[in-house]
């Protein structure tokens, strides 16, 4: 089987590649004509120009088409491999469930790309979509991890759903700079296609290589400067397809999934996603909030170009994929986890990525007093932590003014978040007075910090009512914050000037049907296209 499977998989890759090269420019023209474009907003989307959307629709059109055509071309051979597969899946139900899920995510993705959608709503429809996949044959009754078989019983479907949701959103989160999600998708697709060939699963091999070919053709137009984006439609489709193929390729006897290899392969996107959740949760933000602390953002701020950042992240993923495949070929489950552990440790302890999140977790687990410094005077005594999540600007002076006001306004707790995506600056600080305070006597307020109509952060404060009424205390504190906002505006203006940038306010450049073609488009900076 192996000698005949490799040529078939190669044909699927080449066919999808050619189709993608032909359909992507057509999709771009259609998107431009009908206004299906991603416009810069000066906050989350800071690319130079508006860019066409719809790349995901190209992938959704090509990948299933190639799989169907290859199935007809190969004939009985491909369906016999499905019927004879060790996982016992019903091919018709499994394909139907995956098709329905793709359709749901396509609709959700297009709506989100065109009009925007709340993160919680998007997560709900992702859940609905993956339920069709899990309950049509891709359940996980048991897993093998590090050689140990763990029966899951009725929670097998829950494990499948969680895995697919994680796969979808990990690609949704890394789709932040030109060519990144597509490049990582190619690495993963070729890896899972190779695994499918090793295990004699022709249908899964064709699916994986067809996706790889479609992505390779699309990347010609998506590398910096990109002229078309995947959008949420594309990133969610890639995550769903690869997540499903990963489960199918890892199925062993008695529908048991060997999870060591997929976890090793997915380790870099999982690390990035977990870091985002930890960073947002422990700094008081919503997990659906956007920030610029992702791995690709961090590498960009360290001086790497867009192409270098994509190459480095794709290279890290290639290392984990090679380790996973080696563990399968050499039948040693320890190779993948050990390589992943070494790689992540290197990233964290060289402070390349993940160190800030490590500090936040340590502070939470060990207590704030272990990792922070005491206030210098009794009036400001308390536990505080300050952390530059991104950038080099010294925000401690502004924070110090807030700390000094603690006694005057009888404050017991403060939390400050500064977020300036265009300047690659993000700062977090928290302070809490020791001891317990009666809840009925504590007032709280949450103040958005805005400079020239540009949201730049939030200040959350809790104070203890003293002799004056709580409303009076709050009013006086807000007056004090207004004076700090003037100082904040000055700092931000100076930082924009230092970096040679202008404050937002100029009209965004819009893409029209007369926009120059690929080789004439101005360079694109960075856009973040993640779950909000």
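List of remarks:
- Footprinting exposure proxy ranking of 133, 51, fewest other C-beta atoms within 10 angstrom first, gives 133, 51.
- From least to most packed, judged by other beta carbons within 10 angstrom and beginning with the fewest, 439, 408, 433 follow the order 439, 408, 433.
- Cα→Cβ-extended label distance, 7 Å offset, between residue 440 and residue 341, nm: 5.3 nm
- Fully extended contour minus Cα-Cα distance, from residue 485 to residue 350, at 0.36 nm per residue: 45.1 nm
- Taken over the stretch 250-369, the convex hull of the Cα atoms encloses 141 Å³ per residue.
- Shown for 132, 188: other C-beta atoms within 10 Å of each C-beta, ranked fewest to most, produce the order 132, 188.
- Spin-label zone in the stretch 155-178 - amide nitrogen under 18 Å from a point set 7 Å from the Cα of residue 93 along the C-beta vector: 155-161
- Normalised by 2.2 N^0.38 Å, where N is the number of residues, the C-alpha radius of gyration of the stretch 214-299 stands at 1.36.
- Distance distribution note for the stretch 375-498: the fraction of Cα pairs above 20 angstrom is 43%.
- Extension gain from residue 362 to residue 326, taking 0.36 nm per residue of separation minus the Cα-Cα distance: 9.6 nm
- Potential lengthening between residue 475 and residue 30 on full extension [0.36 nm per residue; Cα-Cα distance subtracted]: 154.8 nm
- Using the Cβ-Cβ distance between residue 401 and residue 286 with R0 set to 30 Å, the FRET efficiency works out to roughly 0.65.
- Once both labels are positioned 7 Å from their Cα atoms along Cα-to-Cβ, the gap between residue 114 and residue 198 label points is 4.3 nm.
- 10 Å-binned pair-distance histogram of the stretch 2-259 (Cα, whole percent): 7, 32, 35, 19, 6, 0
Read the figures in this text as sums done on the coordinates, not as results from a lab. Quick caveat, the model's predicted, so the values are computed rather than measured. So basically every Cβ, Gly included, is an ideal-geometry build from the backbone, and we count neighbours across all protein chains shown.
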